[in-house]
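What follows is a single structure, written as structure tokens, with notes after it.
Bear in mind these aren't lab numbers, they're just calculated from the coordinates by the rules spelled out. A quick note: this is a predicted structure, and the numbers were derived from the prediction, not measured. Heads up, the Cβs are rebuilt from the backbone with ideal geometry, glycines too, and the neighbour counts pull from every protein chain shown.
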Amino acid sequence: MTRTDTPPTFDERTTALTLLRYVRETALEKAEGLPDDLAHATPLATSPLMSVASVINHLRWNEHYWVEVVVAGGEDRAPWSEENPDGEFEVAAQMTLDDVLTGYRQQIAACDAVLAELDLDAPTAKPRRDFQPNVRWVVAHLVEETARHNGHLDVLRELADGEVGD
């Protein structure tokens, strides 16, 4: 996979979506090739649910929530609840890494289809408690959230098999 954070043109929309694609591809690359036992290893004592597989699954459901629920107004199908706010981390333990990666890729495609139809200035269908975001804010938030978790994936991958990436 060839990743790049350089957009083909430097208009705002192309730049924002290029950066989103780049951080997504980075997350996928950090997980590729790990055997299931290492992908599900939880080496951080203070984060007992955090594995490569669970972080990728979290990214999947995070995209679902922000794009399909907040932006488009769809039903929240995520495996979390008020009683179990870490459900997406827990269900990943029951999935193969291939299934987790496939689910994330499918979610990316679904989100890209929604975002392709919308202007960055369009308001979201669902407001936050304290403000009404627009599509631009959601895309920026997804870049921030995915990039932050890519740092976690860096550490988890290095602890799992010693591989370090860029």
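Please work out how much length the chain gains when fully extended from L159 to A109, using 0.36 nm per residue of separation minus the C-alpha to C-alpha distance, in nm with one decimal.
Values: separation 50, 0.36 × 50 = 18.00 nm, distance 3.00 nm.
Contour length minus Cα-Cα distance gives 15.0 nm.
How much mean residue ellipticity at 222 nm does the chain get from its helices, if each DSSP H run of length 4 or more adds -39500 (n - 2.57) and you divide by all residues, to the nearest 500 deg cm²/dmol?
Values: 6 runs with 89 residues, N = 166.
Helices in the chain give a 222 nm mean residue ellipticity of -17500 deg cm²/dmol.
Classify region 87-166 from the C-alpha gyration tensor, please: rounded if a/c falls under 1.5, else prolate or oblate depending on whether a/b exceeds b/c. Don't skip to the end; give the middle numbers.
Values: a/c = 2.20, a/b = 1.85, b/c = 1.19.
Verdict is prolate for region 87-166.
Positive end of the dipole of the chain, charges at C-beta (+1 Lys, Arg; -1 Asp, Glu), about the Cα centre: which of V100, P127, P79 has its Cα farthest in that direction?
My answer, from the dipole projection, is P127.
Test of the criteria: in region 90-164, which chymotrypsin sites (Phe, Trp or Tyr not before Pro) are in a DSSP loop and have at most 12 other Cβ atoms within 10 angstrom of their Cβ?
Working: sites: Y104, F131, W137; in loops: F131.
Answer by residue number: F131.
Could you let me know the centre-to-centre spacing of region 8-32 and region 76-104, using Cα atoms, in angstrom?
23 Å
log10 I(q)/I(0), Debye, Cα-only the chain, no solvent, q = 0.11, 0.19 Å⁻¹?
Computed log10 I(q)/I(0) values: -0.45, -1.25.
Using only the Cα atoms of region 1-86, build the gyration tensor, take square roots of its eigenvalues as a ≥ b ≥ c, and label the shape rounded, prolate or oblate: rounded if a/c is under 1.5, else prolate if a/b is larger than b/c, else oblate.
Values: a/c = 2.87, a/b = 1.25, b/c = 2.30.
Oblate.
Scan region 76-117 for GluC sites (Glu not before Pro) in coil per DSSP, keeping those whose Cβ has at most 13 other Cβ atoms within 10 Å, and list them by number. Don't skip to the answer; put the middle values down first.
Details: sites: E82, E83, E88, E90, E117; in loops: E82, E83, E117.
Passing both the DSSP loop test and the Cβ count: E82, E83, E117.
Roughly how many nanometres apart are two label points built 7 Å out from the Cα toward the Cβ at D5 and L49?
The answer from the label model is 2.9 nm.
Restricting attention to region 27-131, which trypsin sites (Lys or Arg not before Pro) occupy a DSSP loop and are surrounded by at most 15 other Cβ atoms within 10 Å?
On the way: sites: K30, R60, R77, R105, R128, R129; in loops: R77, R128, R129.
Here the trypsin sites (Lys or Arg not before Pro) that fit, given the DSSP loop and packing criteria, are R77, R128, R129.
Could you tell me the calculated FRET efficiency between D76 and F131, based on Cβ-Cβ distance and R0 = 22 angstrom, to the nearest 0.05?
Details: r = 19 Å, r/R0 = 0.89.
So, using R0 = 22 Å, E works out to roughly 0.65.
Simple spin-label model, 7 Å along Cα-to-Cβ: E144 to D36 in nm?
Placing both labels 7 Å beyond Cα along the Cβ direction yields 3.7 nm.
Magnitude of the Cβ-charge dipole of the chain, K/R +1 and D/E -1, about the Cα centre, nearest 20 debye? Could the numbers behind the result be given before it?
Working: 14 positive and 31 negative charges, 72 e Å.
Computed charge dipole of the chain: roughly 340 debye.
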